[in-house]
1. Could you list, in sequence order, the residues of the stretch 96-120 that are aliphatic (A, V, I, L, M) and within 16 Å of ligand 2 (Cβ to nearest atom)?
2. Inspect all residues belonging to the stretch 34-54 and state whether any of them is more than 10 Å from ligand 1 (Cβ to nearest atom), without any contact (Cβ under 8 Å) to a residue 40 or more places away in the chain and part of a helix (DSSP H, G or I).
3. Can you pull out the residues in the stretch 220-236 that are within 19 Å of the chain's Cα centre (by Cα), more than 16 Å from ligand 2 (Cβ to nearest atom) and outside any helix (DSSP H, G or I)?
4. Name the single residue, out of those in the stretch 24-42 being within 23 Å of residue 157 (Cα to Cα) and over 15 Å from the mean Cα position of the chain (by Cα), that is farthest from ligand 2 (Cβ to nearest atom).
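Bear in mind that the values in this text are calculations on the coordinates, not laboratory data. Keep in mind it's a predicted model, so treat the numbers as computed, not measured. Methodologically, a virtual Cβ is constructed for each residue, glycine included, from the backbone with ideal geometry; neighbour enumeration extends over all protein chains shown.
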Amino acid sequence: MTSPVTLPGMDGRHPSMLKLYDLVHRAASANVSALIVGETGTGKELVARALHELSHARDGEFVDINCAAFPEGTFEGELFGWEKGAFTGSVGSRAGLVEAADGGTLFLDEICSMPLHLQAKLLRVIEERKYRPLGASTKRRSNFRVVAAASMSPGRMLSEGKIRADLLYRLAVVKLEIPPLRERGADVDRLARHFATDCCGGVQLCECLLDGMRDHPWPGNVRELKAAIQRLALTSDGDPVCREAWTDGPSAQSVPGRADVETLECILEQHGWDIKAAAKTLGISRTTLYKRIRKLRIKRPGIEAESVFN
Ligand SMILES: Nc1ncnc2c1ncn2[C@@H]1O[C@H](COP(=O)(O)OP(=O)(O)OP(=O)(O)O)[C@@H](O)[C@H]1O
Ligand SMILES: [Mg+2]
């Protein structure tokens with residue numbers, strides 16, 4: 001059985017995440033509508049799937065609809081289906097996504113991209129648990145749980161006119177806010193190690209890399225971190241991956257001095273202070289490495305700097 005403080009497929013132990021996991025468990029068993037809010041890549045889809053897996057609807061389908069993916073003209077038909085002859089060219093009838101979600105979960109991702117007139121129809125379907133396929137004379141029943149996701153705050157959705165207030169209030173019986181990765185502290189290390197083990201063959205990550213990653217703003221959130229680890233694993237030659245290798249993150253030159261010192265110390269330690277090998281890892285000449293060591297006044301533990309490097 002899943003522990004109450006975890007969610008399937010999700011790692012992270014920051015207090016804000018533990019609170020979120022707890023709320024997801026409560027919401028799942030209460031079987032109410034939910035609105036998930038979070039920046040891109042924070043894990044909204046994972047949370048939506050967890051809500052489904054932990055709910056009574058788990059034996060039904062999880063119907064994932066990206067509201068931004070449908071052209072306005074075809075969205076209604078995709079949602080509610082149609083009868084034969086409903087429109088020019090409709091030679092047969094077709095079931096809609098609302099029907100497929102019967103007994104399961106209808107996940108409306110990027111709800112703000114749903115046209116407002118369709119939002120009004122959706123609200124009625126949610127209230128009545130009935131829908132009418134295009135061209136049909138009678139309504140049909142579908143009992144599904146609605147979960148919606150958005151990357152902007154409810155206040156902004158309303159002020160920008162992206163969502164009808166009545167639909168928003170109906171959806172946000174439970175509001176699940178996923179914090180951005182930059183606000184999750186040590187979860188950055190934890191997730192980096194998680195991806196290194198889980199999808200990158202257990203590649204080792206150096207402390208200096210994790211230090212740098214903790215300071216990065218991660219505009220793409222967990223997705224960006226996962227991609228960074230995957231890229232680093234691909235270029236790794238089996239040694240622990242250092243910060244210098246993370247060229248698509250903040251460059252070693254642009255971060256404060258302390259981080260430069262730690263990066264170099266870390267690489268030098270790794271190579272037993274073999275300057276030639278460390279320079280090779282860094283992709284710089286031995287002369288450049290010597291200059292950097294002097295400039296940053298890095299000392300080999302227990303030995304005077306000048307005696308080591310002359
Ligand atoms: N807490 C987590 N633990 C492990 N993996 C995670 C976690 N959060 C997100 N991920 C991974 O990060 C990636 C992005 O997650 P997801 O697709 O759920 O984000 P999203 O908020 O729906 O993004 P978007 O707004 O772009 O649709 C996925 O590969 C997912 O598996
Ligand atoms: Mg998503």
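1. 106, 108, 111, 114
2. Looking for residues that are more than 10 Å from ligand 1 (Cβ to nearest atom), without any contact (Cβ under 8 Å) to a residue 40 or more places away in the chain and part of a helix (DSSP H, G or I), one finds none in the stretch 34-54, hence no.
3. Hits for the stretch 220-236: nothing passes.
4. Looking at the filtered set, the residue picked out is 32.
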